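I have placed the structure first, in the form of structure tokens, so that the comments after it can refer back to it.
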Amino acid sequence: MTMTASKPLALEAFKLDIDADGIAVVTIDLPGEKVNLLSEKLMSEMEPLMLRLTEEDVKAVVFISGKPEGFIAGADVKMLARVRTAEEGEALSKAGQDALNRIEDLTVPTVCAIHGAAMGGGLEFALACRYRIVTSDASTQLSLPEVQLGLIPGAGGTQRLPRLIGMEPAINMILNGSKIRADKARKMGLVHEVVPKELLRDRAVRAARQLARATADLGHIPIKPASAKRPARTLGALMLQATVPGRALMYNTALKTLKKKVGNHYPAPYMALASIYHSRGHSFEEGLALEAESFGKLTVSDVARQLQNIFFASTEMKSEPWRAKDGSVVKPHAVAKIGVLGGGLMGGGIATLSADKGYRIRVKDRDIASASKAAAYADKFFSEKVKKRHIRPYEKDMAMGLLSVTDQYTGFKTCDMVIEAVFEDMALKHKVLADVEAVTRPDCVFASNTSGLPITKIAEGSKHPETVVGMHYFSPVEKMPLLEVIVTEKTADWVTATALAVGRKQGKTCIVVGDGPGFYTTRALAAMMNETIRVFVEGASVEGIDQAMRDFGFPVGPMTLIDEVGFDVAKKVLVTMVEAFGHRFPVTDEAILLFESGRLGRKNGRGFYTYEGGKKGEVDLTVYDQMPYGRKRQDPSPKVIQDRLAYAFMNEAAMILEEGVLRSPRDGDIGAIFGLGFPPFLGGPFRHMDTIGIANVVNRLRDLKQSFSKSFEPAKLLVQMAEEGKTFYGGSN
Ligand code: NAI
């Protein structure tokens with residue numbers, strides 16, 4: 001069938017082709033954007049587009065993206081950030097709903113052809129079509145991630161999705177913002193057909209043609225096209241969904257899970273749940289009205305603003321080039337092969353993640369058995385992916401084929417970068433650095449994954465200190481989103497640019513910080529951990545401290561975190577901090593006693609908590625026995641615990657910025673949230689200080705200093721900002 005060129009369409013976001021059978025192909029291609037967004041332009045052009053389709057008397061319509069890598073990536077977040085009142089937000093949601101209702105109102109079949117991401121408004125667009133066909137490509141992922149931006153789907157998603165796939169799967173998908181791949185989407189009944197990427201357009205047109213024919217025969221659009229797979233539902237799931245008490249039970253269970261997971265800090269998932277629940281027992285229009293009202297309220301909530309700030313900052317950081325002092329952009333060197341020293345927890349993680357991203361990896365450890373642990377780590381990681389059907393077995397074999405292990409330096413000569421993750425010991429770091437330099441090229445980058453040792457000191461052992469840089473990963477490496485790149489006075493710009501390029505290819509959000517003990521993340525965390533131990537020594541209970549900080553918004557309490565990190569590691573970091581900052585890190589005798597008591601935390605099954613078979617149990621009461629007040633614990637109010645710990649963190653962060661180790665408040669916020677679990681809804685330590693007001697922060701620090709310890713002496717920067725009425729992000733308070 002030949003395509004006939006139709007009259008030019010005076011629209012910018014859409015291109016229209018209609019063939020001789022009246023099958024229209026609408027190509028969505030927002031001008032000037034890398035990806036399609038459900039922007040104001042796209043929504044405003046929907047009405048004239050539909051009018052034109054009706055005028056042309058088309059028989060069926062295919063929507064497909066003109067962008068090579070995605071369908072529609074979601075609503076334009078910048079448009080959302082411009083909303084000033086809840087009414088404006090509600091109107092925006094209604095405009096989106098109306099635009100998509102126009103697709104649904106077409107009297108001819110509509111087919112949505114998706115390759116790549118269909119997120120948020122993109123998936124809502126697809127849901128308004130009759131038939132969805134997706135490519136089997138791994139990049140094809142469907143999701144409604146609005147709750148991650150503090151919002152809910154606002155263009156009909158909370159209404160159409162539960163009606164299509166059932167309430168429970170819709171709750172799971174919307175409340176978690178989960179990304180659904182092609183095969184799963186078909187099983188869930190979310191899409192009708194999965195095809196190879198190359199066939200997408202042809203198959204979509206074929207489906208449109210079949211549907212047009214069936215429509216002509218039936219006199220109406222068939223409800224379920226022939227190839228639609230019904231959602232696989234169990235009898236139990238159907239009972240839950242179909243009966244009023246069943247739905248109430250489902251709602252209450254979801255509510256309970258939510259309370260446990262997000263507490264009271266995030267309103268969006270609660271509103272999403274209410275809106276989805278409303279989809280039963282109410283008309284579609286009533287459902288849309290509640291959805292728009294909730295969306296409006298959320299657009300102006302503090303939480304949504306903070307989450308959007310994080311989104312903008314991290315998006316900006318993904319593509320920010322590294323610039324030399326004179327402002328010129330510095331190009332990274334090409335990296336194809338990476339040597340990893342140490343096949344332990346971190347080395348194994350770094351090797352695995354790098355192989356996953358296509359780097360050739362050579363892991364060296366003291367002996368083959370230790371080096372092989374990295375291969376075992378990788379095997380487990382890729383097997384899991386195969387099991388989840390994210391990759392095929394041959395893809396696992398290919399990734400594993402990129403990784404080899406050794407107890408010698410063979411194969412290091414051709415490495416473009418070496419990342420060391422050996423024990424945290426300066427003498428050892430110097431030794432491996434010298435060994436590596438004896439075999440590698442002079443322009444091979446040497447990156448250290450030390451958690452706290454100054455990179456400048458490590459570089460003192462180097463023949464080419466300009467090639468030495470810190471690449472501080474977080475555990476577990478494949479999951480944690482942050483990479484802290486540490487540069488010394490001598491690190492060459494191309495080396496920084498290369499570390500950034502590798503980190504980004506590994507999927508990390510990277511911050512570049514100056515050198516110093518503990519850099520940024522370890523040092524700010526150490527300040528908080530030190531205060532944690534002080535609060536504990538003064539009589540607070542293990543669970544009281546953990547609960548208070550979870551209520552503050554951290555994902556795990558600090559006592560649990562010390563157990564996870566290990567008492568030995570915590571002690572090493574504290575010693576480094578005390579050496580560097582003396583009186584500002586006051587460590588009590590009891591804290592030393594605690595750290596030398598033979599407890600290591602989870603790794604030897606003895607920490608603040610008990611561990612049986614690797615599973616965390618109750619508080620280990622014997623941990624109190626060496627402490628003043630013994631087992632007689634008395635918790636200060638949660639607010640006092642939260643203030644002491646959070647202010648210790650924020651004050652230290654301010655000093656790190658003042659010293660120029662941090663380059664910007666933005667990097668400090670992203671580093672704390674992505675690396676340390678600082679509560680995202682607060683926007684990070686710097687945004688949080690802006691919210692509190694810098695003068696109020698200074699006053700509270702002075703109170704804390706008077707009541708508890710001189711370590712709360714406010715950072716000079718804060719005092720100066722308070723005097724000048726400044727904030728970290730501009731504007732005054
Ligand atoms: P680990 O104890 O699991 O692994 C260290 C590995 O280094 C062991 O396999 C050991 O055999 C190997 N090794 C020792 N001497 C060696 C040599 N001469 N040549 C080659 N390999 C040698 O330790 P982990 O936790 O992986 O830590 C490694 C580094 O990463 C440390 O500097 C640590 O401070 C840092 N780090 C650790 C984090 C964590 O959460 N565990 C987080 C961020 C950084």
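The values are calculated or read from the model by the stated rules, or taken from the named source; none is laboratory data. Note that this is a predicted model, so its numbers are computed, not measured. Please note: Cβ atoms are built from the backbone with ideal geometry, for glycine as well, and neighbour counts cover all protein chains shown. These accessible areas exclude ligands, DNA and RNA; they are computed on the full protein's heavy atoms, side chains included. Shrake-Rupley method; radii C 1.70, N 1.55, O 1.52, S 1.80 Å.
A cut-off of 5 Å between modelled amide H atoms, ignoring neighbours fewer than 5 places along the same chain, links residue 65 with 28, 115.
Within the shell defined by Cβ-Cβ distances under 11 Å, the residues around residue 533 carry a net charge of -1, with Lys and Arg each +1 and Asp and Glu each -1. Relative to the longest principal Cα axis of the chain, at what angle does helix 244-262 sit, 0 to 90 degrees, rounded to 10? With both axes taken from Cα atoms, the answer is about 30 degrees. Across the range 432-439, rounded Karplus estimates of 3J(HN,Hα) from the backbone phi angles (6.51 cos²θ - 1.76 cosθ + 1.60, θ = phi - 60°) give 5, 4, 5, 4, 5, 5, 5, 10 Hz, Gly and Pro being marked x.
The long axis of helix 200-218 is offset from the longest Cα principal axis of the chain by roughly 40 degrees. Bridge orientation summary for the chain: considering DSSP beta bridges with both residues in this region, about 30 percent are antiparallel. Applying a DSSP loop filter and a limit of 12 other Cβ atoms within 10 Å to the trypsin sites (Lys or Arg not before Pro) in the range 1-107 leaves 34, 82, 84. Derived scalar couplings between HN and Hα for the range 54-69 equal 5, 4, 6, 6, 6, 9, 6, 10, 10, 9, 9, 8, x, 8, x, 10 Hz in order, rounded to whole Hz, by the Karplus curve 6.51 cos²θ - 1.76 cosθ + 1.60 (θ = phi - 60°), x for Gly and Pro.
Find the relative contact order for the chain and round it to a whole percent, using C-alpha pairs within less than 8 Å whose residues are 6+ positions apart. Result for the chain is 8 percent. When nucleic acids and ligands are ignored and a 1.4 Å probe is applied, residue 723 ends up with an accessible area of around 150 Å². Packing-based ranking of 358-368, 339-349 yields 339-349, 358-368, ordered from highest to lowest mean Cβ neighbour count within 10 Å. Each of 391, 694 has its accessible area taken with a 1.4 Å probe; listed largest first, they run 391, 694. Most tightly packed first, judged by the mean number of other beta-carbon atoms within 10 Å of their residues, the peptides 203-215, 279-291 read 203-215, 279-291.
Rg over Rh for the range 390-434 works out to 1.12, both radii taken from alpha-carbon positions and Rh defined as the Kirkwood radius. Between helix 521-537 and the chain there is an angle of about 70 degrees, using the helix long axis and the longest principal axis of the Cα atoms.
Report D for the chain in µm² per second (integer): Stokes-Einstein, Kirkwood Rh on Cα pairs, 20 °C, 1.002 mPa s. Translational diffusion coefficient: 76 µm²/s. Normalised by the number of residues in the range 1-153, the average gap of Cα pairs under 8 Å and 6 or more apart makes the relative contact order 20 percent. In the range 41-180, the DSSP beta bridges split such that about 5 percent are antiparallel, to the nearest 5. Number of Lys-Lys pairs in the range 430-553 with C-alpha atoms under 16 Å apart and a separation of 8 or more places or on different chains: 6.
Among the lysines of the range 1-154, pairs at least eight places apart or on separate chains and with Cα atoms under 28 Å apart come to 22. Computed over the range 108-162, the quotient of the alpha carbon radius of gyration and 2.2 N^0.38 Å is 1.13. Positive-end ranking of 619, 674, 641 along the dipole of the range 574-687, with charges on Cβ about the Cα centre, is headed by 619. Ratio of Rg to Rh for the range 93-186: 0.94 [Cα atoms; Kirkwood radius as inverse mean 1/r over pairs]. About its Cα centre, the dipole of the range 605-732 is roughly 280 debye, where the only charges are +1 on Lys and Arg Cβ and -1 on Asp and Glu Cβ.
Can you give the Rg to Rh ratio of the range 433-515, both from alpha-carbon atoms, with Rh computed by the Kirkwood formula? Using Cα coordinates only, the ratio equals 0.95.
Only Lys, Arg, Asp and Glu carry charge here, each on its Cβ (+1 for the first two, -1 for the last two); on that basis the chain has a dipole of about 1740 debye about its Cα centre.
Annotation for residue 723 and residue 398: the two label points, set 7 Å from Cα along the Cα-Cβ direction, are 6.2 nm apart. When both the range 61-120 and the range 124-185 are represented by their alpha-carbon centers, they are found 13 Å apart. Per residue of the chain, the DSSP helices (runs of n ≥ 4 H) give a summed -39500 (n - 2.57) that works out to -15000 deg cm²/dmol at 222 nm.
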